[in-house]
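Heads up, the thing below is written out as structure tokens.
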Amino acid sequence: MSGQTLILGNWKMNFTVKQAVAYAEKLSEKSLPSDVIVGITPHTLALSEIATLLQDKKSQLKLAAQNAFYKDEGAYTGEISMPMLRGIAQYVLVGHSERRHVLRESNDFIREKNAAAVRCGITPVFCIGETLVERQHYHTNQVLSDQIMLGLADLTAEEVAEIVIAYEPVWAIGTGEYASPEDVDKAVDKIRTEITSMYGATTGARVRILYGGSVTKDNAAAYLALQGVDGLLVGGASLSVSKFWPIVETAASLKKKLIPVVEKKGR
Ligand code: PGA
């Protein structure tokens, strides 16, 4: 793990605007650990009001959009664009499995979204992961490498170094069934190896990789302790401050342990 740990709560299609704003307000009153970046992902209707609230409170909390289209503007009924997120959200989820599998987003579509986000200065949180059937057929590595190759094809090595990749095995999302730390370790290693072979060692070392899939305060430490994991994408457990905040605290306490003790030299 390098740099600041990123803990991102994905609220999905939950909360009224009023509830979302009240939650953000409660979270903004917490004092954020300096070595952890904490973000929330409200639905689109609540984004702008929460952004204003966080600015007013001078909060360091980050905002992520759950989705945005790849065209900047025009006749695309129902969509919002990446430029519309400027000044509101710092991150945008791209390729989340619910959008791949329920809303049938293709790898091509996802590639365009990653490129549009980067072009507009919004950091994509590019979600990848295998389904249960793919896992049972030992296709995990192939799926990961295909999704990476197709999803990032429009980006340069320098751009890929700045994005976030979330490894989210589809069978572990919202199911309560979570991946073992050994499985996550292997998948994250595969992702870094792929990025290194496609974009070089610097990008492979720099790209931030999160784990997501039924993360709770009880299993968070095991994932965060893995060397290649830079943070967590948290769904169900991010829906209340009381379940989400202990995950942030876990990240902060692990980070402290990682800071090497510098021995004082005798004079
Ligand atoms: P979950 O969702 O934590 O509820 O499994 C994770 C996600 O979809 O990002």
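The values are calculated or read from the model by the stated rules, or taken from the named source; none is laboratory data. Just so you know, these numbers come straight off a predicted model, no measurement behind them. In this analysis, Cβ positions are derived from the backbone assuming ideal geometry, glycine residues included, and neighbour counts consider all displayed protein chains.
Structure data summary
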| item | result |
| --- | --- |
| Checklist (1) within 16 Å of the ligand (Cβ to nearest atom); (2) among the small types (G, A, S); (3) free of Cβ contacts under 8 Å to residues at least 12 places away in the same chain applied to A172, failing item | (3) |
| Residues (away from the ligand (no atom under 16 Å from the Cβ) and buried (at least 17 other Cβ atoms within 10 Å of the Cβ)) located in the range 175-185 | D185 |
| Check on K243, over 26 Å from H137 (Cβ atoms), at pLDDT 95 or above, assigned to a helix (DSSP H, G or I) and within 16 Å of the ligand (Cβ to nearest atom) | yes |
| Residue check for E49: of a type outside the set (A, V, I, L, M, F, W, C), assigned to a loop (DSSP other than H, G, I, E, B) and surrounded by fewer than 19 Cβ atoms within 10 Å (Cβ to Cβ) | no |
| Among residues of the range 109-148, those that are assigned to a loop (DSSP other than H, G, I, E, B) and either of a type in the set (S, T, N, Q) or within 22 Å of D189 (Cα to Cα) (or both), counted | 6 |
| Criterion (closer than 27 Å to A153 by Cα and free of Cβ contacts under 8 Å to residues at least 24 places away in the same chain) met by exactly one of R86, R104, R99 | R104 |
| So G231, is it under 17 Å from the mean Cα position of the chain (by Cα) and farther than 27 Å from D35 by Cα | no |
| Which listed residue, of S59, S97, is among the hydroxyl-bearing types (S, T, Y) and away from the ligand (no atom under 16 Å from the Cβ) | S59 |
| Considering residues of the range 208-225 that are within 14 Å of V248 (Cβ to Cβ) and small (G, A, S) only, the residue nearest to the ligand (Cβ to nearest atom) | A220 |
